[in-house]
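Working notes for the structure below.
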Amino acid sequence: MMSNSLQPVGQPVELQLQAFNLDRLQDQMFQCAVRVGSKEFISPAEVKVEDSALSARTLSCWFTFDYEEELAQLEAPVILRWQEWPDRTVDMTSSINLTLYKCTVGRVDCSLCLAVKASLNCSWCDNPPRCLHKNSCQAGLSRSICPAPNIRSIEPTLGPMEGGTQLTVYGSNLGQKFEDVKIILVAGVYCTPIRRLYNISTRVVCETSAKGLKDKGSVSITVAGKETVMSTQLFTYKDPRLGSFWPREGPEAGGTLLTIRGHNLNIGNDVEVFLGKVACRVDTMTTESIVCETGMVAEPTMSSVTVQFGTKATRLLDQKFEYIANPIIYGIKPQVSFFSGGRNVSVEGDRLNSVQHPIMAVRLLFPAVARSPRGLPAHADSTADMAEGKCSVKNTTFMMCLTPNATPVMPLEYNADVPAEVIFVLDGLHLSMANRARFTYLPDPTFNLLSRDANSPHNYKPGSPITAEGAGLDRAMQQDEVTAFLGDKECDIKTLTRTHLYCQPPAGLPPGKQHKFRVVMGNLKFDLGYVIYADEPVITFPLEAQIAAGVGSALLILAVVIIVVIYRRKSKRALRNYMKVQTQLENLEITVRDQCKKQFSDLMTEMEDLSSDLFVTGIPFLDYKTYLERIFFPGQRNPMGHDLEVPVGRKHTVEQGLQLLSNLLCSKPFLTTFIHTLEAQPRVTARDRGHVASLLTVALYDKLEYYTDILRTLVSDLVAHYVARNPKLMLRRTETVAEKMLTNWMSICLHGFLKERAGEPLFLLFRAIKQQVEKGPVDAILRKAKYSLNDTRLLGDDVDYHGMVLNATVENSGEDGPTVVRVLDCDTISQVKEKILDQVYRNVPFSQRPQVDAVDLEWHSPTARHFTLSDEDRTSASQGCWKRINTLRHYEIQEGATMFLVPSSPENQMNPHPYRDMTVAACMESVSDEEDCVRKWHLVKGVEEADTMAMRKGSEQERGQGKVIAEIYLTRLLSMKGILQNFVDGLFSMVLNAHGSVPLAVKYFFDFLDEEAERHGVADQETLHIWKTNSLPLRFWVNIIKNPQFVFDIQVSDIVDSALTVIAQTFMDSCTTVDQKLGRDSPINKLLYAREIPRYKKMVEKYFVDVRQMAPVSDQEMNTALTDEARNHGHELKPMVALHELYKYISKYYEQIITALEVDPIAQKMQLSYRLQQVAAALEHKVTDL
């Protein structure tokens, strides 16, 4: 071929061929044919004479080639043939091929296009923008200078701060050669290009330098002659941190999957793990973990765990990985299996617990005459491929394995015993048992169908076993390893022999219905047909047998009658003696029977739905400030109840010092150092720590985001402390500053949830308990009631009482007329006053009502006389040492009586009787000494002496009736529980409902606990359940349930408090993961809700699962909610007072805090001790180093 063999597509080209001896063929026409892929291009050949002496001719053909394949170049063969006879070709001295090419393929941008060889004549066209042959570009639209570079993406986007990451920049027009790349900057720091990884125009790879001033920034690249361009993606420098790894040991053969946990672990593009100097092959990698496979070492050793990020960043774990001696296998049993496998074999050895993924593999050793698997010819000493089965490690010396299924590697139709070599793959160690155990594979057993006719079921007669016949049934499996099923019920196998299997079908299957019979032997499953239960035949009893049975029965009855008559005669004498004893116990039995009947009647009549009788007109929520004060400072003097108490002359200086202290508390190193130093002091009690936590909460209330960050840090330290000891004890009590801060944080964040959702069912429960308690007698001295949930507050006696209605009026109450009030005739005067005030002021918070001891009760009798009633006066009944509190029955008050509550008058206050104006509580406490022998009682005398005196004075019958068994009144607990059940369920359902409005704080803190558990390698779900339980249900909800006065403006009596304590204890028991074993000797309060607690436990577990599945709450969302909370209520607190109180603790331990700050390098850098000295100088003129 005389023309160029390299030709473009889409351009007219002339193909010239040199031929000889064509002069012998006169008047013949030729054509050129070029095969391009599946196409053939044909062109007539024009013959030209070159040299007549040499008979040389030139053939010229014109083509415009094209091909569909997306190939840069394509070889095309050329042939010459007669035009008249296309099937005849002209002989060629050698094959002739053209190389066709497309400029477009593989050259997607200008730089790629212009970087090709000049001989290809490729040029970048502007319209359309693509690489074409220079003759294909429109005039004036080709260019020799490419446009500015473009960065499409960078990879990776994260790298260590030390640099060393190979950063790949993808884009277009990134230079036509490596030298065109001038400068690459990553976040403002130079990145060194790597020549060997450079791809023309599309890819530049450089190695990052150490982090500069910025943690993240764009990637910029400057190409010769072009302007600098920047990436839209940002590259971020991060600090990879290692936390822990698991497992801590593995065999020296390697193969252990090592999991390393930490943060920012998937940064860079080349992460390597080394155990000492041995590489650990990285398998998977996430931002929180790296999983790698350990390599092999020569001998057991302790190896440091090192993670290398790129070429410059290296991190070392504190703990070391221990290579221990390889596991050993001593033997296996049994040593036979069917071809299909699935048999459990026991493997004994040592150090087996160091293996993570044990596998039992077998290699079948076929004789030379056998055919290899899948029918291929076998050779002498040939072995088949290995089959594998899984194993499960039980302890360090024992594991169980399932024999592998060998049928895939068996020769076709092979039916003889085969020896096998057993190989245990123990992670990176392969142990052959060829010299220790002879294992044999046996042909699979076979079974015959139960019925000869495959379409007919087997008729089974109840009482007899089912017999299945087969062959080789017990060669490689014992009776206890085989299972059989009739339908979905198991059939009890009685016997297994070489040819028979006998099993006893289960009872209770319906007759007349077909049930499939299946036998399972390891991996083998046999369907032996259907079984139908036959109806039991009716057994006819012969007449002679019936007569004999009748005669025998008559004789037996006669003998029994004779024996009974003789026995009765002999026992009459003993019966007379027994009757004497029975008479003595008769009175006690009658009393017990009457009491039981009465209690049963109460239980049946009073188990009614209290919802219809409970009317709530409003919920008296406490104001926000009081709510926080009662939770922050329970049972303590409230420091927020007064303003800043300092001399007027120093007030300005003190306020400036407190402002300095406020600024100092905003320093996280100072605050954490202060807290840790305070907790380290032996004289600081748990009460002091809680007080400091509450003062910090008030002082930092306007900075709740910062407060939350401090809380997270302290709880994280707490987790690390308890994980190293006993993680299940974390947050169990409130003994540290962090735990009390968590309580306060939950109280702040859940206040809105309390008011909007949980407050109503809690208040309904309180009102229901209070109303039900007041329906029955309440002993004002013993603080016991007929209706109670707590057995310690249960009135263990039967008190006679009647309900009655009073028409009561309270002066200056604003009521238009008398109010109907329901009371009991056994109520004390103070109890009546309380009920009147509750009814008249039912819509008024308790703190705004008149107090009981500030009013007197006046009875306006029908005779127009006014009597002032009191708990004690001259008319009080006395008997010996006992003095009874006055009741309505004592004053003979009748139904519908008119009562007035009036302010206590000076005359009444000057009443000479010592108990005239005393409350019932005061009456109980005002007990004189033994010399005076005065004891008060209301419904029941509270000492055993009362019973002793009654027994002395009464008759024998009265003494029998006076002794009552207290346990018969426990049915009242059930009555109370049944009435309150709907209210308890309503409260628990609201608190444990994750499908409603779950507070953000709950989801946020639960996720934080999940992260901490993962960071510290705590995989025990029970431990995580305990953490969440201690942080929310037991820390917040139990406190609120036991103390509703923290939320509402109410008064909680002792009996209502005891009932709430039982409900709170039930809530606590529902949150535990341990099932409590209850018996007859268990506390009654725990037995009361024993049946409901499993249901509540499921509610708690479902609540935790539902919260975990919710969408996560970001830090920004949480901070926004906290900012709104601080803005809405921050003005109600007194941070300056809290700071002043807080400084008292700082002053008390001033030297210890200064010392801790001076040894802390961060505190030194921030001059925190100097700033604290400034505070001390301003607040108390303390001599400092200033």
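The values are calculated or read from the model by the stated rules, or taken from the named source; none is laboratory data. Here the structure is a predicted model, which is why all the values come from computation and not from measurement. Note: ideal-geometry Cβ built from the backbone for every residue, glycine included; neighbour counts use all protein chains shown. Ligands, DNA and RNA are stripped out before the accessible areas are found, and what is left, the full protein with its side chains, is counted by its heavy atoms. Shrake-Rupley method; radii C 1.70, N 1.55, O 1.52, S 1.80 Å.
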TODO: Taking the chain as the reference, fit the longest principal axis to its C-alpha atoms, fit the long axis of helix 971-991 to the helix C-alpha atoms, and give the angle between the two in degrees, 0 to 90, nearest 10.
DONE: 30 degrees
TODO: Using +1 at the Cβ of each Lys and Arg and -1 at the Cβ of each Asp and Glu in the chain, identify which of Leu973, Pro411, Met899 lies farthest towards the dipole's positive end.
DONE: Pro411
Task: Phi to ³J(HN,Hα) by Karplus 6.51 cos²θ - 1.76 cosθ + 1.60 over the range 483-494, Hz, x for Gly, Pro - done: 10, 10, 10, 10, x, 9, 10, 7, 9, 6, 7, 9
Open item on the list: Per residue of the range 280-291, what does 6.51 cos²θ - 1.76 cosθ + 1.60 with θ = phi - 60° give for ³J(HN,Hα)? Whole Hz please, x for Gly and Pro, Karplus curve as stated.
Closed with: 10, 5, 6, 9, 10, 8, 10, 5, 9, 7, 10, 10
Task: Amide H contacts under 5 Å for Arg281, placed H, 5+ residues apart - done: Glu293, Gly295
Task: Rounded to whole Hz, the Karplus (6.51, -1.76, 1.60) HN-Hα couplings of the range 631-637, x for glycine and proline - done: 7, 5, 10, x, x, 10, 5
- [ ] Determine the calculated [θ] at 222 nm for the chain from helices alone, applying -39500 (n - 2.57) to every DSSP H run no shorter than 4 residues and normalising by the residue count; nearest 500 deg cm²/dmol.
- [x] -9500 deg cm²/dmol
Open item on the list: Ignoring ligands, DNA and RNA, please state the percent of accessible area on the range 294-341 from carbon and sulfur, probe 1.4 Å.
Closed with: 53 percent
Open item on the list: Out of the total accessible area of the range 623-680 (probe 1.4 Å, heavy atoms of protein only), what percent is carbon and sulfur?
Closed with: 52 percent
- [ ] Report, in debye and to the nearest 20, how large the dipole of the range 1085-1128 comes out about its Cα centre when Lys and Arg carry +1 and Asp and Glu carry -1 on their Cβ.
- [x] 540 debye
Task: Expected-Rg normalisation [2.2 N^0.38 Å, Cα atoms] applied to the chain - done: 1.50
Task: Relative contact order (%) - the chain, alpha-carbon pairs under 8 angstrom, separation at least six - done: 7 percent
TODO: Over 27 Å between C-alpha atoms is what I'm after, so list which of Lys461/Lys489; Lys835/Lys941; Lys668/Lys1134; Lys134/Lys182; Lys625/Lys740 land there.
DONE: Lys134/Lys182
- [ ] May I ask you to give the percent of accessible area on the range 447-546 that is carbon plus sulfur, with a probe radius of 1.4 Å?
- [x] 50 percent
Open item on the list: If you fit an axis through the alpha-carbon atoms of helix 651-665 and take the longest principal axis of the Cα set of the chain, what angle between them do you get, 0 to 90°, nearest 10?
Closed with: 50 degrees
Open item on the list: Using only the alpha-carbon atoms, how far is helix 1115-1129 inclined from the longest principal axis of the chain? Give it as 0 to 90 degrees, nearest 10.
Closed with: 30 degrees
Task: Given charges at Cβ of Lys, Arg, Asp, Glu: the chain dipole, positive-most of Gly342, Gly618, Leu132 - done: Gly342
Task: 5 angstrom amide H check on Ala45, placed H, neighbours 5+ away - done: Phe30, Gln31, Cys32
Open item on the list: How big is the dipole moment of the chain about its Cα centre under a simple scheme where the beta carbon of each Lys and Arg is +1, that of each Asp and Glu is -1, and everything else is neutral? Debye, nearest 20, please.
Closed with: 1720 debye
Task: For the range 652-746, accessible area per residue (1.4 Å probe, heavy atoms of protein chains only), Å² - done: 37 Å²
Task: Solvent-accessible area per residue for the range 972-1100 (1.4 angstrom probe, square angstrom) - done: 39 Å²
- [ ] Run the dipole for the range 616-752 about the Cα centre, Lys and Arg Cβ at +1, Asp and Glu Cβ at -1, nothing else charged, and hand back the magnitude in debye, nearest 20.
- [x] 440 debye
- [ ] Towards the positive end of the charge dipole of the chain, with charges on Cβ (+1 Lys, Arg; -1 Asp, Glu), say which of Thr697, Gly649, Val934 has the farthest Cα.
- [x] Val934
